[in-house]
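Nothing in this text is a laboratory measurement; each read-out follows from the coordinates by a stated rule. Note that the coordinates shown come from a computational prediction; the quantities given were computed from them, not determined experimentally. Here the Cβ is made from the backbone with ideal geometry for all residues, glycine too, and neighbour counts use every protein chain on show.
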Amino acid sequence: MTLLEARHVEKAFGRTHALRGVSLTIESGETVAITGPSGSGKSTLLHCLSGIMSPESGEVHYAGRRIDDLDETARTRLRREDFGIVFQLDRLVPELTAVENVALPLLFAGRGRAEATTVALGRLDEVGAADVAESRPAELSGGQLQRVAIARALVTTPKVIFADEPTGALDSVAGERVLSLLMGAARANKATVVIVTHDNQVAAHADREIVLRDGALVGGVMA
Amino acid sequence: MSTGHILLGLLTERPKHGYELKREHDERLPGARPLAYGQVYATLQRLERDGRVAVAGTVQEAGPERTVYEITEEGTAEVRRWLAEVEPPAPYVSSPLFSRVVMALVAEGAADTYLLRQRAAHLERMRELTARKRAAGVSVGELLAADYALHHLDADLRWMETARQRIDDLIQEIRS
């Protein structure tokens, strides 16, 4: 079943065309890597698919309904309820502890503090970061930060996980560990995963690769 | 590198018999061609003749009686000497992949389709290796072998992308 679809998506920043008519479909439960050289438009595509950004023209559909023309409130709700998002330089709230950061999306969704904390602790444990639950972001290493960010993205049991360079600047063994956690949790929850990466070894964790170059798909969508 | 050095390396842990050495060789170097038992036996005899291993006794498990070998001081020195040398960096530019990519870039109009197909083939292999690393009960030897293959395939892909960009730059330069 098609879960996500882009139809002729175009996006420009000033005179730079970031996306030039991208069309693709992503099936439910699939893990997809979007790859391409720097400036190829892969992050912009992720932002359009996840409703962070609206395309200038074209459409984005999720679970059978069009989402690019929703107003900001509706898109924010969609992102909170159905999507989990992990960025490379993940912006955890510096004043909050790891567990408070992870619990945040649940609090936004209206869950009680005690319940949110319990669920958040469970997610931190799943990604092997239970021991840093009470630490603040400044006290954490790169790998620990990324684990907390993943726990936060997973905390609402999202249907789709969007990740932009999730292994970031981690070395290959630490990066692989973080990625295995993300993919393992996604598989266990039957979530769909869309990862943007320039790293071929990260792309090899996904079922399928979509290659972008100069804002357009290269050679169509390859299996 | 020789089979002798590998067997000596395995014997630095403790005395072992020939069958055990064959099994450990194949397990720890899963990317290598499995050792024939005859080769293990012949190599052990040669190492014994050169004073690098010695017979430490025999054991009888479920099967036939097996001779157990131990490494000698001379053997240990030989392993150290071997590991003190570096492996000459391989001249990868002689690989068939290199020739094919260069020719694809030279033959006008052929590069993009070919590079994409080659990339898909490489990634498919990388997916298999990645899945193998995730399998339950994977040994350290298997992990190391899969990492080795993954890093080399990754290097091929990165070089292919660099090559494509260089040709693109060159074309832009000629046109401008």
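Points worth noting:
- Alpha-carbon Rg with Dmax, taken over the protein assembly as shown, Å: 26.7, 83
- Oblate is the label for segment B:3-84, because a/c, from the alpha-carbon gyration tensor with a ≥ b ≥ c as root eigenvalues, is 1.5 or above and a/b does not exceed b/c.
- Among B:Ile6, B:Tyr148, B:Ala56 - extreme Cα towards positive end, dipole of chain B, charges at beta-carbon: B:Tyr148
- Dipole size of chain A about its Cα centre, with +1 on Lys/Arg Cβ and -1 on Asp/Glu Cβ: approximately 340 debye, rounded to the nearest 20.
- Hydrodynamic estimate: the Kirkwood radius of segment B:94-176 over Cα pairs, inserted into Stokes-Einstein at 4 °C and 1.567 mPa s, corresponds to D of 90 µm²/s.
- Debye, to nearest 20: dipole size of segment B:96-175, +1 on Lys, Arg Cβ, -1 on Asp, Glu Cβ: 240
- Degrees, to the nearest 10: A:142-154 long Cα axis against longest axis of chain A: 80
- Degrees, to the nearest 10: B:18-28 long Cα axis against longest axis of chain B: 20
- In straight-distance terms, cross-link reach from A:Lys42 covers every one of the lysines whose alpha-carbon lies under 30 Å from its own, apart from those fewer than eight places away in the same chain; here that gives A:Lys11, A:Lys159, A:Lys190, B:Lys133.
- This model, with +1 at the C-beta of Lys and Arg and -1 at the C-beta of Asp and Glu, gives chain B a dipole about its Cα centre of some 340 debye.
- q = 0.12 Å⁻¹, chain B: log10 I(q)/I(0) [Debye, one scatterer per Cα]: -0.75
- Mean residue ellipticity (222 nm) of chain A, computed from DSSP H runs ≥ 4 via -39,500 (n - 2.57), nearest 500: -10500 deg cm²/dmol
- Gyration tensor (alpha-carbon) shape descriptor, segment A:1-88, a/c threshold 1.5: rounded
- Estimated FRET transfer efficiency when R0 is 30 angstrom, pair A:Arg15-B:Thr162 (beta carbons, to 0.05): 0.65
- Calculated FRET efficiency for the pair B:Ala120/B:Arg14, C-beta based, R₀ 35 Å, to 0.05: 0.15
- Principal-axis tilt of helix A:98-108 within chain A, Cα atoms, nearest 10 degrees: 60
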